[in-house]
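Written below as structure tokens is the structure these notes are about.
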Amino acid sequence: QCGWAMTGREAVRAEVRLSGKIVYDETRYRTISAWVPGRIDRLFVDQTGAVVRNGQKLVSLYSPSLVAAQTELLSALTARRETAGSASALVRDSAAETVAAARNRLRLWGLTRAQIEAVESRGKATYHLDIPAPVGGVVVHKNATEGMYVSTGEPLYKVADLTTVWVDLEAY
């Protein structure tokens, strides 16, 4: 004989006491890192627990590598202007590709389109890059200090969006 039984679904009411803690929603937790090596000259957010908005300035970073990349872009723009009247399509295309590559390098290092356009319109490199918050939330950990030298990828802040949290319970 087979031991089959009918099953059903019922609401169960019971009081259960559990211990646990409230934790960050892992999908809303971000580490903000330095995209380029440099020195932090100014902190705009200087304490754990500070509330930050998406796009708000966190630090101002001086980076010789970034200055060199901006200078490279400006030189490429000058070369493109000087070769615009060239009869050789290869020369014109090469100059345009160099400009595109220099812009892309700056984008990969965290500059926004507006920051790159500002460099181009100003015609000279800026010595400081303002690093904005990629998300809004609360600073739950701050590594950054003024005067600190950072390398690429070094964590500066950890930010958690606390509009949604998890309850982590221990049930035995």
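The values are calculated or read from the model by the stated rules, or taken from the named source; none is laboratory data. All of these numbers come straight from a predicted model, not from anything done at the bench. A quick note on method: Cβ atoms are made from the backbone with ideal geometry, for glycine too, and the neighbour counts reach across all protein chains shown. Just the protein is used for accessible areas: all its heavy atoms, side chains included, with ligands, DNA and RNA removed. Shrake-Rupley method; radii C 1.70, N 1.55, O 1.52, S 1.80 Å.
Give the residues of the range 137-172 that are surrounded by 12 or more Cβ atoms within 10 Å (Cβ to Cβ), assigned to a strand (DSSP E or B) and among the aliphatic types (A, V, I, L, M), sorted by residue number.
Residues satisfying the conditions are 138, 139, 140, 150, 156, 159, 160, 165.
Conditions (1) among the hydroxyl-bearing types (Ser, Thr, Tyr); (2) modelled with pLDDT of 95 or more; (3) closer than 16 Å to residue 124 by Cβ, marked per residue:
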{"position": "44", "(1), (2), (3)": "no, yes, no"}
{"position": "51", "(1), (2), (3)": "no, yes, no"}
{"position": "54", "(1), (2), (3)": "no, no, no"}
{"position": "59", "(1), (2), (3)": "no, no, no"}
{"position": "65", "(1), (2), (3)": "yes, no, no"}
{"position": "78", "(1), (2), (3)": "yes, no, yes"}
{"position": "83", "(1), (2), (3)": "yes, no, no"}
{"position": "87", "(1), (2), (3)": "no, no, no"}
{"position": "90", "(1), (2), (3)": "no, no, no"}
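Filter the range 36-55 down to the residues that are assigned to a loop (DSSP other than H, G, I, E, B) and open to solvent by less than 40 Å² (accessible area, probe 1.4 Å), then identify the one that is farthest from residue 115 (Cα to Cα). Steps first, please.
So the first thing to find is which residues in the range 36-55 are assigned to a loop (DSSP other than H, G, I, E, B), and the list is 36-37, 44-50, 53-55.
This time we only want the ones that are open to solvent by less than 40 Å² (accessible area, probe 1.4 Å), so: 36, 45, 50.
Details: 36: 15, 45: 20, 50: 25 Å.
Ranking the candidates gives 50 first.
Give me the residue from the range 114-136 that is part of a loop (DSSP other than H, G, I, E, B) and closer than 23 Å to residue 58 by Cβ and, out of that set, least open to solvent (accessible area, probe 1.4 Å). Talk me through it step by step, then tell me what you get.
Applying the first criterion (part of a loop (DSSP other than H, G, I, E, B)) to the range 114-136 yields 123-127, 133-136.
Add one more test, that the residue is closer than 23 Å to residue 58 by Cβ, and what stays is 125-127, 133-136.
Details: 125: 20, 126: 48, 127: 133, 133: 2, 134: 56, 135: 36, 136: 28 Å².
The selected residue is 133.
Yes/no per residue for (1) surrounded by 15 or more Cβ atoms within 10 Å (Cβ to Cβ); (2) more than 25 Å from the chain's Cα centre (by Cα); (3) touching a residue at least 24 places away in the same chain (Cβ under 8 Å):
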{"site": "64", "(1), (2), (3)": "no, no, yes"}
{"site": "70", "(1), (2), (3)": "yes, no, yes"}
{"site": "76", "(1), (2), (3)": "yes, yes, yes"}
{"site": "80", "(1), (2), (3)": "yes, yes, no"}
{"site": "85", "(1), (2), (3)": "no, yes, no"}
{"site": "90", "(1), (2), (3)": "no, yes, no"}
{"site": "95", "(1), (2), (3)": "yes, yes, no"}
{"site": "99", "(1), (2), (3)": "yes, no, yes"}
{"site": "105", "(1), (2), (3)": "yes, no, yes"}
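Condition check: closer than 26 Å to residue 150 by Cβ and in a helix (DSSP H, G or I). Does residue 91 satisfy that?
Values: closer than 26 Å to residue 150 by Cβ: no; in a helix (DSSP H, G or I): yes.
Here the answer is no, as residue 91 does not meet what is asked.
Anything in the range 119-167 that is touching a Pro at 6+ places or on another chain (Cβ under 8 Å) and free of Cβ contacts under 8 Å to residues at least 40 places away in the same chain? List them, or say none.
143
Identify, please: which residue in the range 14-35 is among the aliphatic types (A, V, I, L, M), open to solvent by less than 90 Å² (accessible area, probe 1.4 Å) and assigned to a loop (DSSP other than H, G, I, E, B) and is, among those, farthest from residue 141 (Cα to Cα)?
14
Failed condition for residue 111, given (1) among the aliphatic types (A, V, I, L, M); (2) under 30 Å from residue 29 (Cβ atoms); (3) open to solvent by 30 Å² or more (accessible area, probe 1.4 Å); (4) part of a loop (DSSP other than H, G, I, E, B), with all others met?
Failing condition for residue 111: (3).
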